[in-house]
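The values are calculated or read from the model by the stated rules, or taken from the named source; none is laboratory data. Note that the structure is a prediction, hence the values are computed from the model and not measured. Every residue, glycine among them, receives a Cβ derived from its backbone with ideal geometry; neighbour counts consider all protein chains shown. Heavy atoms of the whole protein, side chains included, go into the accessibility calculation; ligands, DNA and RNA do not. Shrake-Rupley method; radii C 1.70, N 1.55, O 1.52, S 1.80 Å.
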Amino acid sequence: MSVQYPPQHSVLLVSSGYDHTIRFWEALSGICSRTIQHADTQVNRLCISPNKRFLAAAGNPHVRLYDINSNSQLPLMTFEGHTNNVTAVAFHCDGKWLATSSEDGTVKVWDMRAPSVQRNYDHKSPVNDLFIHPNQGELISCDQSGRVSAWDLGEDSCTHELIPEEDVPMSSVTVASDGSMLIAGNNKGNCYVWRMLNHQGASLLQPVVKFQAHPRYITRCVLSPDVKHLATCSADATVNIWSTDDMSFMLERRLQGHQRWVWDCAFSADSTYLVSASSDHVARLWELSSGETIRQYSGHHKAAVCVALNDYQI
């Protein structure tokens, strides 16, 4: 029986993890519409291209690019050059290039027209996360030694190196969609916030606040598209939602329901819903106004560690 692929305008959720499968879900019905076997490695991160056509899956040690509007098991392209787990993947806004980070200690920028490395930056420590600044000219990354680095692609150099807590691994970074702030979370459950100021086309970073978001490891921090909320995922099995109003970071919601570590999350385009992935094998869709789970996606038989949302604002 052929799989009926959901129409392009439907909201699509993609999840993956340690069971070597990538699962596509019709977000509202909870129906799994497609499964890709990713046999040779677990998947660490997922990212959907801005034009909603491609899915990048970061594994060990490569990144594979899949056609979202196809039922093929085969990738369109493979990016090879890392030598360890790829921990993050992000697309340029026009899809011209792809940025990745890895436990091999490097950040790489790849040409999408042919999978070749255009930039290669050495962290000298395993890199845990990466974010493309909305100006598309800077990358922000963080590593196991506790460092947050900013890379200027035009100058081809590191412009900032911040170490908020020496030897406390920095696990996640996120930048506001309007370029106004940078937030990083670490393995002690602390979040650090910097105001980002534009100076002659480059960012100046001004420390604002540090706050404890969780009692255990932060695995992911994500700012909402409208920049009104921060979501933090943790080893404590919760997702916390914080208000960014006046950079006060007051706790708005604690999303409880997962049974084990929560590894990843993604906001809907209108910032009113959140999806999450957990070691309990389940992905969840949360309504943020109520804090309730409105859909569970059960099908993985090992930890689900990454999610991506193909979310059209209709």
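Figures for the structure shown
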{"read-out": "Rounded Å value of the spacing that divides the Cα centres of the stretch 64-128 and the stretch 199-242", "value": "24 Å"}
{"read-out": "Difference of contour (0.36 nm per residue) and Cα-Cα distance, D246 to Q206", "value": "12.9 nm"}
{"read-out": "Around K188: net Lys/Arg minus Asp/Glu count, Cβ-Cβ under 10 Å", "value": "0"}
{"read-out": "Listed residue (A88, G17, H300) projecting farthest to the positive dipole end of the chain, Cβ model", "value": "H300"}
{"read-out": "Distance cut-off 14 Å, percentage of C-alpha pairs in the stretch 149-199 lying past it", "value": "57 percent"}
{"read-out": "Net charge, H82 excluded, C-beta distance under 14 Å - Lys, Arg +1, Asp, Glu -1", "value": "0"}
{"read-out": "Label-to-label distance, nm, for residues given as D178 and N71 (7 Å Cα→Cβ offset)", "value": "4.5 nm"}
{"read-out": "Number of Lys pairs (Cα under 20 Å; 8 or more positions apart or on different chains) in the chain", "value": "5"}
{"read-out": "Set of the stretch 108-130 residues, backbone N closer than 17 Å to the point 7 Å along the Cα-Cβ line of T78", "value": "114-117"}
{"read-out": "Top positive-direction residue, dipole computed over the stretch 1-139 with Cβ charges, set T106, I36, G59", "value": "I36"}
{"read-out": "Euclidean distance between Cα centres, the stretch 133-167 to the stretch 288-309, Å", "value": "30 Å"}
{"read-out": "Square roots of 5 times each gyration tensor eigenvalue, C-alpha, the stretch 191-314, largest first, Å", "value": "26, 17, 14"}
{"read-out": "Per residue, the convex hull volume that the Cα atoms of the chain enclose (Å³)", "value": "121 Å³"}
{"read-out": "Accessible carbon and sulfur surface of the stretch 108-245 relative to its total accessible area, %, 1.4 Å", "value": "47 percent"}
{"read-out": "Neighbourhood charge, 10 Å Cβ-Cβ cut-off, centred on K96 and excluding it, Lys, Arg +1 and Asp, Glu -1", "value": "-1"}
{"read-out": "Test item: Cα-centred dipole of the chain, Lys/Arg +1 and Asp/Glu -1 on Cβ, debye", "value": "640 debye"}
